[in-house]
Amino acid sequence: MTFPTVGAPRATTPAPGARTRFDDALSAAPSAFVLVMVAVSLSAGVLVAVGQHRWWTVLPVAAVLIGLLWRPLVRIDPHPRAPFAGALLISGILAWIVANVPFAAEYLIVSRDPGFLSLSGLWLVDHPSTDIPASGAVEAAALQANHLADASQAWNLLGDAIQPQGAKMLPATIAVGGWFGGTTGVLAMNIVIGAAGLAAVYLLARRALSPLAALAPAAMLGLTVSHIGLSRAPYTEPLTLLLVIASVVWTWQGVKERSAIALAAGAVTSGATVLIRIDGAAFAVGALLGTVFALSALDAPRRWRRTQALTYIGLQAVTLVGGYAALYRWSRAYLERLGGEAVLLFAGYAVLAILVTLWAISWAEGARADRLIPSLSRRLGRRGTLALGAVASGLLVLMASRPLWMVARRGTETSLQQFTNGVVESFQQSAGLEVDGTRTYAETTVTWLSYYLTWPVVALAILGFGLIVVRALRKGPEWWLLVMAFLPSTLLYLWRPSIVPDQIWAIRRFEPATLPGFVIAAAIAAWWLAGRLRTVDARARGRRVAAIAFVLLPLSTWVSVMPDRDPAVGFAVNVLSFSPQDQSSAWSALGSLEMAPEMGGARSQLEDLCEVIDGRPVVLAGTSSHFGSIRVMCDVPVVLALEEPSKDTLTSMIDVFGEPPMVLIQSTNYFEWTSEPYPVVTSSVVQSGYSLQRVPVSMFTRDYRWNAALVNDDGTVTPIAP
């Protein structure tokens with residue numbers, strides 16, 4: 001499927017009533033939106049990796065990328081229904097953004113990853129890198145044991161700088177929103193990224209389906225609780241999804257149109273997933289295999305195919321290595337903490353890349369090494385091809401059947417495993433389940449997918465993956481991109497998700513590739529089944545039914561029916577509303593339709609605290625949750641006191657900071673107060689409930705009461721009046 005370049009002259013004079021330039025713009029709008037968002041993300045990710053993330057560096061580089069890649073990558077879809085489909089998609093995406101922005105998470109307190117990612121994004125609005133100066137906190141913390149200039153895991157000290165955990169492309173990208181909309185822009189930017197992911201899913205589905213049919217998987221993904229929830233808060237998965245799907249779209253275009261530029265764009269984009277996530281190599285492997293398989297089977301000169309294969313491997317590998325180097329520079333403790341897994345994953349990628357490189361080098365004139373895939377198709381024949389497709393579907397059926405014959409557990413050897421087991425035990429106790437902290441629930445991963453997609457869609461996707469394998473063998477080499485981009489990482493994470501199994505946290509593993517792969521495969525299967533109906537009218541009705549189902553089925557997951565804890569009640573219905581109700585009552589009440597953003601109330605709490613702090617150094621006593629929040633939002637040095645500071649310690653801190661520090665604590669257990677303290681900031685923050693083996697349908701409220709005091713010369717503290 002070849003689309004003409006936007007702005008390219010028409011081959012013939014348009015007849016009366018022919019498409020206008022406005023129609024062309026509508027049909028090209030999805031690919032333009034994807035290009036703009038990927039260019040901004042790549043520019044932000046690369047420049048933050050070299051410590052030069054500024055508006056006057058990121059935006060011009062993004063503009064140059066867009067200008068260079070516009071003609072090669074932005075295409076007019078020639079299908080007569082493409083303008084209408086493009087208008088529907090862009091309208092739907094805008095409506096999706098507008099509907100979700102009021103509920104953008106205020107994840108400014110670190111309880112999980114979106115906390116430090118939001119705060120890193122806020123820091124990058126006004127700073128070129130995520131290294132945060134300790135500003136005297138190191139010397140102040142050294143005055144007494146159990147006093148820290150950093151906080152465990154999320155904030156790690158390297159020299160005199162505090163490094164937030166994780167890769168930096170997502171914080172760098174959401175910081176771009178801050179240049180236009182301040183704090184609100186940072187908090188809402190991931191919603192725009194999630195919308196771009198929907199456009200990318202449409203473009204990839206369009207390679208296999210008509211324009212209107214390709215809207216179905218994009219609409220379904222956009223209506224899933226997972227994509228909505230993960231986009232409202234700054235999770236890394238929506239941006240990873242965007243890059244993964246965009247790389248497949250552009251590589252498909254490069255294979256189909258013999259475009260070296262499109263192939264190169266696909267290579268860099270797939271490798272850049274490491275700039276977002278430490279496990280980005282898992283997605284790069286699939287893109288690498290799919291591309292080389294497709295090029296090997298392509299009807300094009302061997303020399304050109306070999307050159308493109310080697311170029312793709314080289315560009316992807318260089319980008320991947322750069323991503324890990326950036327992670328080592330800007331989040332060294334995090335990389336060292338997960339070093340074993342990262343080394344294993346990168347080593348696996350390196351071995352595979354070397355083997356594929358040797359194979360591509362052997363594509364010489366007179367040799368037949370590059371014809372392995374076409375010869376496999378010929379030897380298999382029709383029956384063998386169908387059998388191989390059945391094997392692909394069978395593997396997914398086997399994964400789905402695991403709850404019938406296995407229970408997955410983890411060990412207890414490492415401190416990380418012991419911590420995870422303790423978290424799982426707490427979830428099991430709150431849900432009234434049998435307590436077994438070693439359970440990973442990995443045998444139910446396909447069931448997790450059904451929570452968000454429903455079982456009919458999962459069944460269609462299983463059939464669809466079999467059809468995709470058959471088409472890769474019989475229809476065209478570019479279909480290998482769909483096979484390899486989705487199946488390897490999907491099977492890996494279905495077998496071993498390696499994540500705390502509460503929802504929607506656990507579904508993160510499947511957001512970048514598995515969920516979009518499943519909705520596209522399900523759409524391919526649904527339209528294939530509709531095409532098997534005998535009459536034209538029946539086929540049209542079948543497609544209409546499929547389109548309606550793809551909208552209604554994910555909406556059905558917004559309502560949860562479950563046994564009530566009180567046997568006298570029987571069953572209770574909950575509307576998935578993200579409503580601020582107590583978690584313990586969520587099983588026995590009709591969910592409120594009132595909606596609230598995740599961590600709603602955190603922003604006003606931090607703004608009030610910063611007003612009280614008024615630029616003074618802070619001794620944060622008794623809790624680490626607000627360490628990064630205060631350091632970033634109030635931009636003051638922070639010492640974390642895990643035990644009560646002595647009077648001598650407090651007086652010495654005055655000398656270190658050059659002014660009396662402020663003490664912040666939620667209790668009055670520490671310190672010798674000169675008078676009765678009263679809370680200076682009281683706040684309630686709404687958080688999503690944690691659920692094992694179901695979609696969470698409620699949120700709970702956490703109350704905060706902050707006391708503040710100034711340190712006196714004798715080490716006592718004087719409370720600040722409310």
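The table below gives the values:
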| quantity | calculated |
| --- | --- |
| Some residue of region 701-720 being touching a residue at least 40 places away in the same chain (Cβ under 8 Å), out of contact with any Phe, Trp or Tyr (no Cβ under 6 Å at 6 or more places or on another chain), over 30 Å from Pro661 (Cα atoms) and assigned to a strand (DSSP E or B) | yes |
| Val249 vs. criteria within 22 Å of Leu352 (Cα to Cα) and either in a helix (DSSP H, G or I) or at pLDDT below 95 (or both) | no |
| Where Phe180 falls short, out of the listed (1) at pLDDT below 95; (2) surrounded by fewer than 22 Cβ atoms within 10 Å (Cβ to Cβ); (3) assigned to a helix (DSSP H, G or I) | (1) |
| Qualifying residue in region 653-663 (condition: part of a loop (DSSP other than H, G, I, E, B) and touching a Ser or Thr at 6+ places or on another chain (Cβ under 8 Å)) | no |
| Among the residues listed as Gly422, Gly432, Gly411, the single one being surrounded by fewer than 21 Cβ atoms within 10 Å (Cβ to Cβ) and on the phi > 0 side of the Ramachandran plot | Gly432 |
| Region 398-408: number of residues that are loosely packed, with under 15 Cβ neighbours inside 10 Å and touching a residue at least 40 places away in the same chain (Cβ under 8 Å) | 1 |
| Only listed residue being buried (at least 21 other Cβ atoms within 10 Å of the Cβ), closer than 16 Å to Ala294 by Cβ and touching a helix residue (DSSP H, G or I) at 6+ places or on another chain (Cβ under 9 Å), chosen from Leu460, Leu487 | Leu487 |
| Close pairs from region 600-628: first without any contact (Cβ under 8 Å) to a residue 40 or more places away in the chain, partner of a type outside the set (Lys, Arg), Cβ under 7 Å, at least 6 apart | Cys610/Met633; Cys610/Cys634; Gly615/Val636 |
| Residue in region 664-674 that is touching a strand residue (DSSP E or B) at 6+ places or on another chain (Cβ under 9 Å) and assigned to a helix (DSSP H, G or I) present | no |
| Residue in region 175-192 that is on the phi > 0 side of the Ramachandran plot and assigned by TED's automatic domain parsing to the domain that holds Phe33 present | yes |
| Single residue of region 669-697 satisfying the filter (among the hydrophobic types (A, V, I, L, M, F, W, C) and over 30 Å from Lys647 (Cβ atoms)) that is modelled with the lowest pLDDT | Val697 |
| Residue in region 513-521 that is more than 20 Å from the chain's Cα centre (by Cα), not polar (S, T, N, Q) and not in a loop (DSSP other than H, G, I, E, B) present | yes |
| Some residue of region 140-147 being under 21 Å from Ser625 (Cα atoms), modelled with pLDDT under 95 and within 21 Å of the chain's Cα centre (by Cα) | no |
| Residue check, Asp160 without any contact (Cβ under 8 Å) to a residue 60 or more places away in the chain and closer than 22 Å to Thr649 by Cβ | yes |
| Flag for Val38 being buried (at least 20 other Cβ atoms within 10 Å of the Cβ), out of contact with any Phe, Trp or Tyr (no Cβ under 6 Å at 6 or more places or on another chain) and closer than 19 Å to Ser210 by Cα | no |
| Residues of region 519-534 classified as touching a helix residue (DSSP H, G or I) at 6+ places or on another chain (Cβ under 9 Å) and over 15 Å from Leu209 (Cβ atoms), total | 2 |
| Hey, Ala200 outside the structural domain of Val36 (by TED's automatic domain parsing), under 16 Å from Leu239 (Cβ atoms) and aliphatic (A, V, I, L, M) or not | no |
| When residues of region 679-697 are limited to those that are assigned to a loop (DSSP other than H, G, I, E, B) and not hydrophobic (A, V, I, L, M, F, W, C), the one farthest from Glu106 (Cα to Cα) | Gln693 |
| Residues of region 459-504 classified as closer than 13 Å to Ala521 by Cβ and either at pLDDT below 90 or among the basic types (Lys, Arg) (or both), total | 2 |
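The values are calculated or read from the model by the stated rules, or taken from the named source; none is laboratory data. Every value quoted in this text rests on a predicted model; they were computed, and no experiment measured them. Virtual Cβ from ideal backbone geometry, glycine too; neighbours counted across all protein chains shown.
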